[in-house]
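Comments concern the structure below.
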Amino acid sequence: IFQCCPLYPPDSWCFCPCCVVLGFSDSLSGEVKPRILLMGLRRSGKSSIQKVVFHKMSPNETLFLESTNKICREDVSSSSFVSFQIWDFPGQIDFFDPTFDYEMIFRGTGALIFVIDSQDDYVEALSRLHLTVTRAYKVNPDINFEVFIHKVDGLSDDHKIEKQRDIQKRASDDLADAGLERIHLSFYLTSIYDHSIFEAFSKVVQKLIPQLPTLENLLNIFISNSGIEKAFLFDVVSKIYIATDSSPVDMQTYELCCDMIDVVIDISCIYGLADCEAGLPYDKESMAIIHLNNTTVMYLKEVTKFLAMVCFVRRDSFERKGLIDYNFHCFKKAIQEVFDVRVKVQQNRKLLSNRRWSKLTLTNGGLNNPH
Ligand SMILES: Nc1nc2c(ncn2[C@@H]2O[C@H](COP(=O)(O)OP(=O)(O)OP(=O)(O)O)[C@@H](O)[C@H]2O)c(=O)[nH]1
């Protein structure tokens with residue numbers, strides 16, 4: 001059973017050869033990738049969520065997915081800010097199995113998504129949720145616990161709310177009975193058949209972006225100086241929004257943004273770059289303006305190779321497009337600065353780890369027995 005270096009605090013990232021070989025750490029870039037775990041009972045929809053959000057699989061195709069029988073790990077590093085690993089677990093994990101080193105797994109985890117099938121009886125799922133959360137919390141109290149009440153497409157609106165209330169109450173009661181009311185669970189109603197799964201994933205990912213307050217602040221300054229109603233910063237590939245200004249988000253607005261990104265990518269793919277297959281048909285020149293029939297204009301502009309800004313502007317404010325473009329230019333520069341700081345922090349962290357590691361090998365007299 002693999003244990004991380006004793007030299008490192010339990011929740012830090014280890015860059016020693018063992019961890020690197022096993023792939024728990026990205027030593028080459030020095031980047032700390034938060035881990036997102038997808039857990040839940042068999043057939044609750046874990047793999048479908050991953051395939052639909054990150055592989056553009058159509059929801060109907062998930063009907064033919066085979067059951068996962070080992071942990072599947074995937075790197076998601078499409079943009080400078082959205083960079084993490086997703087671990088899809090098979091339905092039944094046995095915490096008492098000695099070959100399953102759950103301590104090591106939970107130690108490097110940023111978020112644990114527990115998927116509950118709302119169309120099924122959820123008594124067993126709730127007891128599994130309780131067991132998983134309490135175990136994980138003991139190892140790493142900093143994990144964000146996210147509960148997806150999934151497959152809600154078959155339920156009426158009233159029924160959805162009722163289910164959420166019931167599940168939320170039972171889960172909190174279980175924690176309170178165990179004296180663990182300090183554990184916070186966040187609940188989301190999700191389905192792969194609409195945008196709810198993308199919205200929920202956006203919120204999970206946002207919690208893992210340390211620069212989020214800075215990004216939100218920049219967006220607030222940008223919209224207030226440009227006469228914009230609402231602005232989102234989107235990861236174009238996954239359609240996860242990584243930040244928005246502080247005004248509330250409504251589902252319809254979010255759906256419109258997703259549709260706009262689809263239109264831009266599809267049109268660019270068909271009529272744009274000749275070698276579209278070489279990569280995403282999205283570059284510095286990418287932009288789109290859509291006039292809605294309610295005096296609102298949607299404006300999309302490229303921010304970085306993988307990020308796009310989508311704004312909602314009133315038609316009269318859009319007459320000052322020059323001002324919006326100038327402010328956007330300043331916003332883009334500021335984002336670049338935030339990114340530069342992040343790169344520097346990562347480089348310093350890597351340097352520190354390398355130094356610690358060479359110290360350790362010197363003390364041990366070689367690499368033969370790193371642990
Ligand atoms: N109606 C509905 N069905 C869904 C949804 N998400 C997944 N499913 C279906 O649920 C079934 C199981 O999905 P999987 O993704 O294989 O479930 P899993 O949790 O990965 O299963 P294991 O690998 O066995 O642990 C598939 O037939 C999916 O089509 C959803 O949002 N709504």
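Each reported figure results from applying straightforward, stated rules to the coordinates on display, with no laboratory input. Keep in mind that what you see is a predicted model, and the values were worked out from it rather than measured. Here Cβ is always computed from backbone atoms with ideal geometry, including for glycine, and neighbour counts include all displayed protein chains.
Which pairs break 22 Å Cα to Cα here: Lys70/Lys169; Lys70/Lys207; Lys51/Lys203; Lys56/Lys333; Lys70/Lys239; Lys301/Lys332? In this structure, Lys70/Lys169; Lys70/Lys207; Lys56/Lys333; Lys70/Lys239 exceed 22 Å between Cα atoms. For Asn144, the residues whose amide H sits under 5 Å from its own are Ala111, Leu112, ignoring neighbours fewer than 5 places away on the same chain, with H placed 1.01 Å from N. Taking amide H positions as modeled 1.01 Å from N, with prolines and chain starts lacking one, the residues under 5 Å from Ile192 and 5 or more places away or on another chain are Lys151.
In what order do Asp266, Asp235 fall by count of nearby beta-carbon atoms within 10 Å, going from fewest to most?
Numbers: Asp266 12, Asp235 22.
Starting with the residue having the fewest Cβ neighbours, the order is Asp266, Asp235.
Here the Karplus curve 6.51 cos²θ - 1.76 cosθ + 1.60, taken at θ = phi - 60°, turns the phi angles of segment 203-212 into couplings of 5, 5, 5, 4, 5, 9, 9, x, 7, 3 Hz, with x standing for Gly and Pro.
Along segment 237-242 the Karplus relation, 6.51 cos²θ - 1.76 cosθ + 1.60 evaluated at θ = phi - 60°, assigns HN-Hα couplings of 5, 8, 6, 7, 8, 8 Hz to successive residues, with x for each Gly and Pro. Amide H neighbours of Met57 under 5 Å, at least 5 residues apart or on other chains, H built in the peptide plane: list them. Residues meeting the criterion, in which the H sits 1.01 Å from N, are Val52.
The overall shape of segment 35-208 is rounded: from the C-alpha gyration tensor, with semi-axes ordered a ≥ b ≥ c, the ratio a/c is less than 1.5.
Going by neighbour counts of Cβ atoms within 10 Å, the residues Phe201, Phe339, Phe232, Phe145 line up, fewest first, as Phe339, Phe145, Phe232, Phe201. When peptides 352-359, 48-55 are sorted by average Cβ neighbour count within 10 Å, with the highest value leading, the order is 48-55, 352-359.
Approximating the spin labels as points 7 Å out from Cα along Cα→Cβ, the Ile270-to-Asp283 distance works out to 2.1 nm.
The charge dipole of segment 35-208, taken about its Cα centre with unit charges on the Cβ atoms of Lys, Arg (+1), Asp and Glu (-1) only, comes to about 400 debye.
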